[in-house]
Amino acid sequence: MKLFYTIGLLIVSNIFMTFAWYGHLKLQQLKIFSDHTPLYVIIFLSWMLALPEYTCQVPANRIGFDGNGGPFNIMQLKVIQEVISLTVFTVFVTVFFNGETLKWNHLAAAICLVLAVYFVFYK
């Protein structure tokens, strides 16, 4: 079960992280924020989204870490987090930013990520 808790929390964490980092760009496109919205307002709102991100990320790492009885070593946790992060980001971009399209080099990068997961779990 720790495997599923870890992966689930990492997914939720990365959803919040992606919205914290890139959501303001979509809100600017929708004219909810203008080009003149003060940067400190954007940073504050991003930090408000980063708090739930950390409340999922930190427990995911603690639950998943083999030093705490979890199934993953620290390198595996990091590679899993990066793959989840880029997967969530790809879904976010394709859903919310209609002008962005996936290209062959994005697929090549995804294949490299799959290989990274393979090699980090290779015994």
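Quick notes
- For the stretch 1-22, filtered to residues that are hydroxyl-bearing (Ser, Thr, Tyr) and within 14 Å of Gln57 (Cα to Cα), the residue that is surrounded by the most Cβ atoms within 10 Å (Cβ to Cβ) is Ser13.
- The single condition among (1) under 17 Å from the mean Cα position of the chain (by Cα); (2) within 21 Å of Thr18 (Cα to Cα); (3) not small (Gly, Ala, Ser) that Asn98 does not satisfy is (1).
- Checked against (1) over 13 Å from Thr18 (Cβ atoms); (2) in contact with a helix residue (DSSP H, G or I) (Cβ under 8 Å, 6 or more places away or on another chain), Val88 passes all but condition (1).
- Test: residue in the stretch 40-50 that is within 26 Å of Gly99 (Cβ to Cβ) and surrounded by fewer than 16 Cβ atoms within 10 Å (Cβ to Cβ): yes
- Candidates Tyr54, Tyr40 - the one that is over 26 Å from Val117 (Cβ atoms) and either in a helix (DSSP H, G or I) or modelled with pLDDT under 95 (or both): Tyr40
- Residues in the stretch 89-119 that are farther than 24 Å from Leu77 by Cβ and assigned to a helix (DSSP H, G or I): 9 in all.
- Residue within the stretch 69-85 that is more than 18 Å from Ile7 (Cβ to Cβ), of a type outside the set (S, T, N, Q) and surrounded by fewer than 12 Cβ atoms within 10 Å (Cβ to Cβ) present: no
- Residue within the stretch 59-68 that is without any contact (Cβ under 8 Å) to a residue 12 or more places away in the chain and either among the basic types (Lys, Arg) or assigned to a strand (DSSP E or B) (or both) present: yes
- Residue match in the stretch 23-36 (condition: at pLDDT 95 or above, surrounded by 14 or more Cβ atoms within 10 Å (Cβ to Cβ) and among the aromatic types (Phe, Trp, Tyr)): no
- Filter result for the condition that a residue is of a type outside the set (D, E, K, R) and closer than 14 Å to Ile15 by Cβ, over Val95, Val117, Val79: Val95
The values are calculated or read from the model by the stated rules, or taken from the named source; none is laboratory data. Quick caveat, the model's predicted, so the values are computed rather than measured. Because the Cβ atoms are built from the backbone with ideal geometry, glycine has one as well, and the counts that use them run over all protein chains shown.
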